[in-house]
Amino acid sequence: MQYVLASASPRRKELLSQILNDFEVIPSIAEEKVNISLFPEQMACALAESKCDDVFGRNNQKTVIGCDTIVVFGKEVLGKPKDAKDAFETLKKLSGKTHYVITGVCVRNRFKKVIGFDRTEVKFNLLSDEFIYKYVEGGSPMDKAGSYGIQDAGVVKEYFGSYTNVVGLPVALTQKLLKEVITDI
């Protein structure tokens, strides 16, 4: 059985390699359409399913894993920043406060499709404007939901739940979903 990760994220690739020895990376080209009437968990799952289905449509003899991570602050869903100004404003908003990271995961082959999500509570350190400017200038926030990486020093004070979920691929959930689709994992 061949496996495909429907994501170009180097962090997701690294995490998936913890549970699969051999897989290929084929990023989804599906447009990320966000239905704001959905609950955040449903939104993350719908986006993951869309990415998975897009790649599966071109690789239907393989098992495809699609993911999408969103950050929820209050009632607001924070995606990847549009630019450095947006990243700064997002980090300023999250500074010293708590938010949630939700990652939807969809695993599909020609026999079965399963979808799930993981949710982690994250509390930020109080970030100075100077810290935020330097962090944004370093480029790390630009390809990440919520404009940060949990692995980056100084940003996160504490978290409750899955660390790998916040990085972008909840390993335990992904392994569970793979086992539901494939019996030899």
**Asked** Between the stretch 112-158 and the stretch 41-103, what is the C-alpha centre distance in whole Å?
**Response** 12
**Message:** Once the convex hull of the alpha carbons of the stretch 1-55 is built, what does its volume come to per residue, in cubic angstrom?
**Reply:** 92
**Complete:** A student asked for the Cα radius of gyration and Dmax of the stretch 137-185 in angstrom ought to give 14.3, 46
**Item:** Residue-span extension gain [residue 2 to residue 18] - 0.36 nm each, minus C-alpha spacing
**Value:** 4.1 nm
**Prompt:** When all C-alpha to C-alpha distances in the chain are sorted into bins of 10 Å, what percent of pairs does each bin hold, rounded to whole numbers?
**Reply:** 10, 38, 33, 15, 3, 0
**Complete:** Expected field for residue 108, accessible surface area in Å² at 1.4 Å probe radius, rounded to 10, holds 60
**Prompt:** Counting only protein chains, not ligands or nucleic acids, how are 76, 49 ordered by accessible area (probe 1.4 Å), most first?
**Reply:** 76, 49
**Charge dipole (debye, nearest 20) of the chain; +1 at Cβ of Lys and Arg, -1 at Cβ of Asp and Glu** = 300
**Complete:** Given Cβ charges of +1 for Lys and Arg and -1 for Asp and Glu, the option among 127, 63, 74 whose Cα lies farthest towards the positive end of the dipole of the stretch 48-139 is 63
**Message:** Once neighbouring chains are kept in place and the probe is 1.4 Å, which whole percent of the accessible area of the chain is contributed by carbon and sulfur?
**Reply:** 50
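Please arrange 22, 118 by accessible surface area, largest first, computed with a 1.4 Å probe and ligands excluded.
22, 118
Where does each of 32, 24 land when they are ordered by accessible area, with a 1.4 Å probe and the largest first?
Most to least solvent-accessible, the answer reads 32, 24.
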**Item:** Accessible-area value, residue 86, 1.4 Å probe, nucleic acids and ligands omitted, Å²
**Value:** 40
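Using the heavy atoms of the protein chains alone and a 1.4 angstrom probe, what is the accessible area of the chain per residue in square angstrom?
51
The values are calculated or read from the model by the stated rules, or taken from the named source; none is laboratory data. Everything quoted here is computed from the prediction, not taken from an experiment. Methodologically, a virtual Cβ is constructed for each residue, glycine included, from the backbone with ideal geometry; neighbour enumeration extends over all protein chains shown. Protein only, heavy atoms only, side chains kept; ligands, DNA and RNA dropped before computing areas. Shrake-Rupley method; radii C 1.70, N 1.55, O 1.52, S 1.80 Å.
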